[in-house]
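Report on one structure; see the data block that follows.
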Amino acid sequence: QVQVVESGGGLVQPGGSLRLSCAASGSIVRLYTMGWYRQAPGKQRELVSKMTSGGITTYAESVKGRFTISRENAKNMAFLQMNGLNPDDTAVYYCYANTGQSTAWGQGTQVTVSS
């Protein structure tokens with residue numbers, strides 16, 4: 001079984017930055033895609049960004065040019081550098097890790113962008 005834990009959320013002013021971290025642990029043979037979804041109040045969960053084990057990235061249009069996903073495969077970790085944050089980015093951010101056999105999700109970390 002694989003466990004995923006996110007960290008790094010918090011309160012930031014518009015225009016500010018945050019870096020989210022995601023650590024996967026447990027019975028890991030190999031992690032394929034790792035990524036981030038977010039869910040704002042009253043809205044559906046949406047993909048923010050994902051990265052394959054080979055380094056191919058995908059971004060939501062709304063975060064392109066502002067967010068950067070990265071991974072440390074040897075440590076089973078993923079990161080989301082978020083710059084130029086605005087109130088529309090306020091949401092709970094969830095990390096996931098795909099092992100090929102299953103997908104593990106974290107509990108989420110709150111990101112609030114407000115002055």
- [ ] From zero up to wherever the largest Cα-Cα distance of the chain sits, split into 5 Å bins and tell me the percent of pairs in each.
- [x] 2, 13, 25, 25, 19, 10, 5, 1, 0
- [ ] Could you calculate the FRET efficiency of SER25 with ASP88 from 1/(1 + (r/R0)^6), where r is the beta carbon distance between them and R0 is 30 Å, rounded to 0.05?
- [x] 0.40
Task: Local electrostatic count, THR109, Cβ distance below 12 Å [Lys/Arg +1, Asp/Glu -1] - done: +1
Task: Difference of contour (0.36 nm per residue) and Cα-Cα distance, SER115 to THR58 - done: 17.6 nm
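How many percent of the accessible area of the chain is carbon or sulfur, using a 1.4 Å probe? Intermediate results must be reported in sequence, preceding the final value.
On the way: 2860 of 6130 Å².
Ligands and nucleic acids excluded, carbon and sulfur give 47 percent.
The values are calculated or read from the model by the stated rules, or taken from the named source; none is laboratory data. Being a predicted model, the structure only gives us computed values, none of them experimental. Cβ atoms come from the backbone with ideal geometry, glycine included; neighbour counts cover every protein chain shown. Side chains included, ligands, DNA and RNA excluded: accessible areas come from the protein's heavy atoms. Shrake-Rupley method; radii C 1.70, N 1.55, O 1.52, S 1.80 Å.
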